[in-house]
Amino acid sequence: MRMSIFGRPFRGRQLSFAPHLLPPLVVFCCQEAFLHSRHQTSDLAITFLPSVITLVGTAQFSCHWLHDLVKMAPTTSDKTISNSIYTSPTPPLQDVTNQTLDPERGASSSKKELINFLRGWPSPSLLSSSILQAASTALLSDPSLFVPALQYGPDPGYQPLREELAVWLEKQYSTSTKSEEICITGGASQGLACVLASFTDPSYTQTVWASAPCYYLACPIFEDAGFGPGRIKAVPEDQQGGIDIDLLDTLLQKHEAQHHQPTHKGAERKNAGPYRKHYRHVVYLVSTCSNPSGTTMTLEKRNRLVKVARRHDVLVVSDDVYDFLQWPILPASPSSDLGPLLPRLSDIDLSLGPSEPATSSGKWFGNVISNGSFSKLLGPGLRTGWVHGTPDFVMGLSQTGATRSGGAGSQFAAALLAEVMKAGELEKHLQETVRPGLRRRHELIMETIKQELGELGVTVAAQDGDRFGGYFVWLTLPGGLDARVVAQKARQEEELIVAEGEMFEVRGDEEGAKFRGNIRLSFSWEEEHKITEGVRRLGRVLRGLSGETR
């Protein structure tokens, strides 16, 4: 099924809306919304009108349309719409998964304002509605732009965005990037899921090797792809930062020596078809500004990892969502400009060219992909990202079943982002708002940690080199303190939410790398005055647990 509006299905990929039907379609959707709201048969009726008002208003349709549409609203829903849509209540206490936190932690009876160091979201002050509003107006005012934007997109993604990204990424990394090396996705999470669906087979692909500490919400995506308990293995980071390459190579060699046959003997293999292949192993990591540790792999380690991947038929998935959120950490550098970034792992793989075995099928899929996203750059609600890899890999990824059925993810948002990039607003926003804002928050949290926690024996993951970036700092607690206990007391006594290290152990292989003495603090969400206060509260919790007073 391609599309359904309030229970009325639209089937078949060939269905498209002619340009002259787009305004009537908006009216039809509104009529359907209010009809169903009268009969209380669809929650969508309550939430649909604001989106339509935004579309109609931004596209500068005639005002009497908007007036008539609003008059259609049943009076019984006015309060509901006002309460649920037009007002902006404080969001419920949730982590980045939108799952309510453990109620057993309880809530303090004090009147302290909640401070959330768990949430890995951009602060509202780092978002820019004006950029998107201007791009929306330009997009929806031009039929040559809004018609393809509102139709089904091509499988590899909206071509103007692929081209804009290629130019921008080439400038960022100072490496050659072509549009045919980019596939547009519905964000990094959806991109990872599609990569696993198309390029792995649980009856053939042996293991997923995850750098530890690990971004904890990646594990459910691997499980959904068929890699359950025992199929995801932890590979700890080393002292240099990033995954331990020597250990990974050793583990791969041992595994291959023990497992010559497919994982599930007799299991029916997935059909890769002519455009894809299945890899024997997957390695997952965040190579730059890792979540949660904040570490960045050196160039030397990146080169070694690509070579290991090529020897063992490994697909390396590098979540590169923080690459463009870096700044100098030297006090003498007032500018946030760092010059060219370290090359992506995918750049290194492409630069080496195909090996003879890699092209035995007549295609070169490569051994590394870069998984990128606009979520941390302009807003996670855009749900748009990209995968960078060889042209054959991009072609194969674009043939994922869900993409073939619905076209590339986030077609409208992709068209909107193409306009943002064409106007040069993305780079301007990063330079003037995002990087300076994150840099101030990072400097503030580090200074306060030094003042409040340093004397307690708390240490921060090493920040070698001349730059830092991302959203997080990774703390090691003193004296064998259990991070779970610290997190519980912080919530109960100080209205402070922190992420205990156990969250970042690889699910199913917790013994492979333990982090019960660690805490991750996010400095991206809270405003600056709350960052200082939050670290002070954490200090009070630690002093209480250690029996000290101040």
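The Cα center of the stretch 410-489 and the Cα center of the stretch 503-550 differ in position by 14 Å. Close amide H partners of VAL283, meaning residues 5 or more places away or on another chain with modelled amide H under 5 Å apart, are TRP209, LEU315, VAL316, VAL317.
Placing a label point 7 Å from the Cα of LYS428 along the Cα-to-Cβ direction, the residues of the stretch 349-378 whose backbone N falls under 18 Å of that point are 377-378.
Among LEU338, LEU430, LEU378, LEU299, which comes first, second and so on when ranked by fewest other beta-carbon atoms within 10 Å?
On the way: LEU338 16, LEU430 19, LEU378 26, LEU299 10.
Listing LEU338, LEU430, LEU378, LEU299 from fewest to most nearby Cβ atoms yields LEU299, LEU338, LEU430, LEU378.
Of the peptides 124-135, 470-481, 408-419, the order by per-residue mean of other Cβ atoms within 10 Å, starting with the highest, comes out as 408-419, 470-481, 124-135.
Near CYS289, the amide H atoms lying under 5 Å from its own belong to THR296, MET297; only residues 5 or more places off or on other chains count, and H is placed 1.01 Å from N.
Hey, for a label at LYS111 modelled as a point 7 Å past Cα toward Cβ, could you say which residues of the stretch 509-535 have their backbone N under 17 Å away? Hits in the stretch 509-535 for LYS111 at 17 Å: none. Exposure proxy shown here: for ASP319, ASP142, the number of other Cβ atoms within 10 Å sets the order, fewest to most, as ASP142, ASP319.
3J(HN,Hα) couplings calculated from phi for the stretch 280-290 with the Karplus curve 6.51 cos²θ - 1.76 cosθ + 1.60 (θ = phi - 60°) are, in sequence order, 6, 9, 10, 10, 10, 7, 10, 6, 10, 6, 4 Hz; Gly and Pro show x. The length gained by stretching the chain between GLU356 and GLU510 to full extension, at 0.36 nm per residue less their Cα-Cα distance, is 51.6 nm. As a proxy for reagent exposure, VAL541, VAL485, VAL282 were ordered by neighbouring Cβ count within 10 angstrom, fewest first; the result is VAL485, VAL541, VAL282.
The local environment of LYS363, defined by Cβ-Cβ distances under 10 Å, has a net charge of +1 under the rule Lys, Arg +1 and Asp, Glu -1.
Backbone amide hydrogens, once placed in the peptide plane, bring SER373 within less than 5 Å of TRP386, excluding anything fewer than 5 places away on its chain.
So, R0 is 56 Å and r is the distance between the beta-carbons of GLN133 and ASN271; what FRET efficiency does that work out to, to 0.05?
Numbers: r = 46 Å, r/R0 = 0.82.
The value I calculate is 0.75.
Highest average first, the peptides 364-371, 516-523 ordered by how many other beta carbon atoms sit within 10 Å of their residues are 364-371, 516-523.
Laboratory data are not the source of any read-out in this text; all were calculated from the coordinates shown. As the structure is a computational prediction, the values presented were derived from the model and not from experiment. Glycine also receives a Cβ, built like all others from the backbone with ideal geometry; neighbour counts cover every protein chain displayed.
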